[in-house]
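Heads up, the thing below is written out as structure tokens.
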Amino acid sequence: MVEHITGMLALIGVLSLLCQWIGWKLRLPAILPLLLCGLLLGPGLGILDPDEIFGDLLFPIISLGVAVILFEGALTLNFKEIKEHGRMVTHLVTIGAFITWACIAPAAHYLLGFDWAIAMLFGALVVVTGPTVIVPMLRTVQPKSNLASILRWEGIVIDPIGALLAVLVFEYIAVAADPTTHVLNALGLTLLLGFGLGAAAGYLTGLAIRKNLFPHYLRNTAVLTIMLGIFVGSNIIQEESGLLTVTVMGIWLANMRGVDIADILEFKETLTVLLISALFILLAARLDSGAMLDLGFGGLGVLLVVMFIARPLSIWVSGLGTNLSSNDKWFLSWVAPRGIVAAAISSLFAIKLESVGLEGASSIVPLVFLIIIGTVVIQSLTAGRWAKFLGVKEGSNQGLLIFGASKFSRELASILMSKNIKVILADNNWDSIRQARMENIPVYFGNPASEHASNYMDLSGIGRVLVMSPYRQLNPLVTFHFQDLMGTEKVYGLNNADSASARHQLSESYLKRLCLFGENISYAKIATLMAKGAVLKITNITENFTFEHFKKRYGETALPLVYLTKEGKVKVLSGVEAIVLPVGIELISLLPQEAQDQAVIQRALDDEADRQAKALAEAEAKVAAEARAIREAQEAEQRAIEKARRKEEELALFEEQEKARLLAEEEATLIKQETSELAKELAANEKAKAAMASASTDKEPQSTDTMSEEKSDPKTL
């Protein structure tokens, strides 16, 4: 039996890791493979029976696990960060949560016949979403940055708020179910103990951290132990008050000034991942598949109310007064998957409520799992297409995540941000992060490859990662993490492997990526150049000032880093390929002091050459002007000669035409005179003929005789 329990525990651990890896590899919420694994081991094959293995220990294990999960979630509830992330997030976790609760509880009551107390508890349980399911979905869908930020921060903030709401409702039900205790007094004691002891424990723990009462290696263990002790002590004083107490304790620590909880968060995240994975497999293995099927159409109806009524109504009411468009609100209305917190707390409360004999308590867990499965599966498969249809997907991811917030990184980030390129600086050094914040550069304080960064660092719009930190042991971890997340070609690092022994300790695949800005460029070299006065500069590469001109001006010591195209795309230069820069780009380069000095000399030479060229051009222009004046004078003289010649020709032609006209007139006059004289002669002849004719008529007889005589006269003949 002992070996069986040991084997089951080891199996749960191995399967938890495997399910987390599958979820990461497939870009899916890990809750899906964990759920399938639990259902397969439990109801499916009957291999895992949590009640049989753990017996009476099952409830304490789940109870302590839920306490750790709620405490870790409460540590992230920083009120300042809520205010910084806009009105929409604040409305969603307050007004939106109440609307969701008010819609789901009546649906469970009327559609499934739940008692009002159970329905109210169920509504409070499914208010939460959670970053463990939201973040993997956002990585796949890639909506616009503001929408991703709203969903991510809603999941972060709503976890402790929703859990606190569920705890308060449960405390009311648990107290009301005890007929021997006055309801108001018991509930008041629970609230007083939860808020009072939680605040006191949070303050004292924070004070101990602030004054370094614990050595560094004991800090995480001490906080965890104190939290568990407070949880158990609160439950001893007032039953079922421990969850409220640890939630308030975590919220107090998160908002206490001067308390650094980064290390505690990282430790709690690691522990929470293990607890979430193991708990979800155990809870899914306890699930009665028949009970889920027994929910029937009523369960589906509640799921439809959750997805199509409660969520859209909470989004549209919470969005009043914001600058979100209708498409933005419709997208947000569709994305609200439920996560592990709802499953864990519902299972814990169900066990507790069943112990007091409350009717309907056994139906909470199947219904919660139905909501989890429905929202996660349906929305994971459709959110990407819905975002594309609405036009709210992020464009090309041109942003940069830079690990290492040195002076060089900060100046590069400032230049890129001035060109509307998104940049995030991540570093473990608080002084560097503080300097970046003072320069209004978005930052992440901590390890960007951590689970906390995966949930809380907004990578929407980020398409490349530049590893430029001095941490040689952490750089490979960050590089490999983001190579797996974004692809090998999207991650580059500076070559910090200076010694031969270090190179032998690093893999060849990693060394190939240590070529950022060039194969021989290291963090130490850039830091040295910056210390000696190197500056970053933007240069426009055009047809008149090509990259060859750039190299001539600044010399070989100038280091091209990044260039921006007209389309707004970012190209990071590395030693993988030869540098070929097209025209029409903006080149960002690092100019050492030598390059700046050479630029001054070269600029002076260029100015002198320009001056001489200008003087020569002016002289040539003057000669050309004189030549042009002479040519114009010659052309004017030629035109005058040509004009005079044309005038002479026109005059000669005119004289000839006049002579011809006069001659023609004279000839016409002579012809007219001759014609007149001829006419007169003809008239005279006619007149003479007429006269002769008249005379002949008068002497006609004599004429006859005379003619006869003449004929007979020989002389006449």
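The values are calculated or read from the model by the stated rules, or taken from the named source; none is laboratory data. Predicted model, so just to flag it, every value in this text is computed and none were measured. Reconstructed Cβ throughout: ideal geometry from the backbone, glycine too, with neighbour counts over all protein chains shown. To get the accessible areas, we keep the full protein, side chains included, count just its heavy atoms, and leave off ligands, DNA and RNA. Shrake-Rupley method; radii C 1.70, N 1.55, O 1.52, S 1.80 Å.
Against the main long axis of the alpha-carbon atoms of the chain, helix 340-355 sits at an angle near 30°. Full extension of the chain segment joining LEU662 with ASP288 gains 121.1 nm, where the gain is 0.36 nm per residue of separation less the Cα-Cα distance.
Each Lys or Arg adds one and each Asp or Glu takes one away; over the other residues whose Cβ falls under 14 Å from the Cβ of LEU39, this sums to -1.
Ordering ILE237, ILE424 by accessible surface, largest first, gives ILE237, ILE424; the 1.4 Å probe counts only protein heavy atoms, with every chain in place.
Using a probe radius of 1.4 angstrom, the carbon and sulfur fraction of the accessible surface of segment 420-496 is 47%. For the chain, take the longest principal axis of its alpha carbons; what is the angle in degrees between that and the long axis of helix 593-698, to the nearest 10 within 0 to 90? With both axes taken from Cα atoms, the answer is about 30 degrees.
Relative contact order, percent, of the chain when contacts are C-alpha pairs under 8 Å separated by at least 6 residues? It comes to 12 percent, rounded to a whole number. Shape of segment 206-340 from its Cα gyration tensor (a ≥ b ≥ c, root eigenvalues): rounded if a/c is under 1.5, otherwise prolate when a/b > b/c, or oblate? Verdict is oblate for segment 206-340. Taking a ≥ b ≥ c as the square roots of the eigenvalues of the Cα gyration tensor, segment 334-390 is classed as prolate, since a/c reaches at least 1.5 and a/b is larger than b/c. With everything on Cα atoms, drop me the angle between helix 145-176 and the longest principal axis of the chain, reported from 0 to 90° to the nearest 10. Between helix and principal axis, roughly 30 degrees.
Greater than 21 Å separation of Cα atoms is the criterion. Which listed pairs, LYS407/LYS537; LYS422/LYS569; LYS537/LYS571; LYS419/LYS532, meet it?
LYS419/LYS532
Computed from the C-beta positions of ASP610 and ILE538, the FRET efficiency with R₀ = 22 Å rounds to 0.45. Of the residues TRP430, TRP153, TRP316, ranked by 1.4 Å probe accessible area with the largest first, the sequence reads TRP430, TRP316, TRP153. Remark: the PHE654-ALA624 segment gains 6.5 nm on full extension, using 0.36 nm per residue and subtracting the alpha carbon distance.
Order these peptides, 470-478, 122-130, by their mean beta-carbon neighbour count within 10 angstrom, highest first.
The packing order, highest mean first, is 122-130, 470-478.
Which of rounded, prolate or oblate describes segment 537-581 when judged by the alpha-carbon gyration tensor and an a/c cut-off of 1.5? Note, shape of segment 537-581 comes out oblate. A value for semi-axes √(5λ) of the Cα gyration tensor in Å was derived from the coordinates, and within the list (1) 57, 49, 26; (2) 103, 43, 22; (3) 57, 28, 21 it appears as (2). The mean sequence separation of alpha-carbon pairs under 8 Å and at least six residues apart, normalised by the residue count of segment 271-424, gives a relative contact order of 24 percent. With a cut-off of 15 Å between beta carbons, the residues surrounding LYS643 carry a summed charge of -2, where Lys and Arg count +1 and Asp and Glu -1.
Using a probe of 1.4 angstrom and keeping all protein chains present, the accessible surface of the chain works out to 51 square angstrom per residue. Please list, in order, the residues from segment 291-328 whose amide nitrogen is less than 18 Å from a point placed 7 Å along the Cα→Cβ vector of LYS393. Under cut-off, by backbone N: 327-328.
Sorted largest first by accessible area at a 1.4 angstrom probe radius, with every protein chain in place, the residues LEU57, LEU416 fall in the order LEU57, LEU416. The length gained on full extension between ALA531 and HIS4, counted as 0.36 nm times the residue separation minus their Cα-Cα distance, comes to 183.4 nm. Each listed q (0.10, 0.18, 0.21 Å⁻¹) maps to a log10 I(q)/I(0) for segment 290-385 from the Debye sum over equal C-alpha point scatterers, namely -0.34, -0.88, -1.06.
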